[in-house]
1. Just add up the charged neighbours of Thr102: K/R +1, D/E -1, any other residue whose Cβ is under 13 Å from the Cβ of Thr102.
2. Quote the charge dipole size of the range 155-301 about the Cα centre in Debye, to the nearest 20; the model charges only the Cβ of Lys and Arg (+1) and of Asp and Glu (-1).
3. Scan the range 1-98 for GluC sites (Glu not before Pro) in coil per DSSP, keeping those whose Cβ has at most 13 other Cβ atoms within 10 Å, and list them by number.
4. Across 10 Å bins from 0, what is the distribution of all Cα-Cα pair distances for the range 92-140, in whole percents?
5. If I model a spin label as a point 7 Å beyond the Cα along the Cα-Cβ vector, how far apart are those points for Thr123 and Lys30 in nm?
6. Per 0.36 nm of contour for each residue apart, how much would the distance between Ser285 and Ile17 grow if the chain were fully extended, relative to their Cα-Cα spacing?
7. Cβ under 12 Å from Ile61's Cβ, Ile61 left aside: what net charge do those residues give with Lys, Arg +1 and Asp, Glu -1?
8. Return the loop-located chymotrypsin sites (Phe, Trp or Tyr not before Pro) in the range 193-301 (DSSP other than H, G, I, E, B) with at most 13 other Cβ atoms within 10 Å of their own Cβ; answer none if there are none.
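Each reported figure results from applying straightforward, stated rules to the coordinates on display, with no laboratory input. None of these values were measured; they are calculated from a predicted model. Glycine also receives a Cβ, built like all others from the backbone with ideal geometry; neighbour counts cover every protein chain displayed.
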Amino acid sequence: MKQVISDYYGIKVIGLIKLTPKVYKVKTQKELYIVKVVESRNIEKVYEYIEILQLKCFVKILLNKNNEILTIFQQKYLYLMPYIDNSQGLLKEMKIKFYFETLAYLHLNSFYYTKINQDYFQTLNQDILSVIQERQVYYEQMIKNYESIIYRSPSQWMLVMNYYRIHDSLCHARNYLSQYLEKTKSFSQIRVCLTYKHFDYNHISLKQRIFLSIDNMSIDLPIYDLFDMYQRIPDILFDLDCFSQYYFKKIELQEEEKLLLCCLMNIVPIIYYNDNEIENIIKLSRLLYYLDSIHCFIEQI
């Protein structure tokens, strides 16, 4: 790797520090860099969009001697970028605020309409129904298992008593999906934009006010960023105002986008019980709070 960096970037490497299996800190006499190893060339298209739209919220990638962002390395690819010190502490609230503000900026500046046919919606319908069915079967089987137990544990009782809420949420998901399909039955185009879809506190530099990773970005529906955030970060369940204050004030979702987002939000996440009763109760309590928070979220959009 040292030789590749020297040959393609003209940088003399003193040492490499492995941060993850695919990320290294590069030490030179003058500066520090980060090198990432990726499997494909997918980020080239995304980075081209970033450059064309002159989006200022992402870390810059260095070009190699061929004026390209990717360099072949051991049948894979690597890219190089400046090392940015992100040791400001967690500052979770500030990072969430910045993330939603930047998400609104990203979406607003990259929206466009792309042509599709009805096959797109049918495939989407089948995929979502498959997930709903999977969740329904999973929780139905849990209930059947516990109904045959004479002396249930507290977490088992808790699930049996609240199963109706899980069932209702999945029914709501089906209903919203039906409304979405009805709304889009004559559509020949949809609105898409650059989406981030990989929130991570460590990928945000408040000092530089940029995102430090673009590996999971793609062109997709804007709602997938909101859904990803809601699923990924439990903190959001306790601070729904961040959606309205930092995103919905700048971005107005279209009616069909709202319907699809409501559908996805109502697809109950799977929780796995184990032998630790306290952990099981905490898991189910979080799930029930998630179900409560969905209603508040839907009211906001």
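1. Residues near Thr102 contribute +3 overall.
2. Working: 14 positive and 19 negative charges, 66 e Å.
Using only the charged Cβ atoms, the result is roughly 320 debye.
3. Details: sites: Glu31, Glu39, Glu44, Glu48, Glu51, Glu68, Glu93; in loops: Glu31, Glu39, Glu68.
Those satisfying the criteria are Glu31, Glu39.
4. That works out to 20, 20, 26, 32, 2, in percent per bin.
5. Going from the Thr123 label point to the Lys30 one covers 4.8 nm.
6. Values: separation 268, 0.36 × 268 = 96.48 nm, distance 4.09 nm.
Computed gain between Ser285 and Ile17 is 92.4 nm.
7. On the way: positive: Lys36, Lys60; negative: Glu44, Glu48, Glu51, Glu68, Asp215.
Around Ile61, the surrounding residues sum to -3.
8. Details: sites: Tyr196, Phe199, Tyr201, Phe211, Tyr224, Phe227, Tyr230, Phe238, Phe243, Tyr246, Tyr247, Phe248, Tyr272, Tyr273, Tyr289, Tyr290, Phe297; in loops: Tyr196, Phe199, Tyr272, Tyr273.
Hits after loop and neighbour filter: Tyr272.
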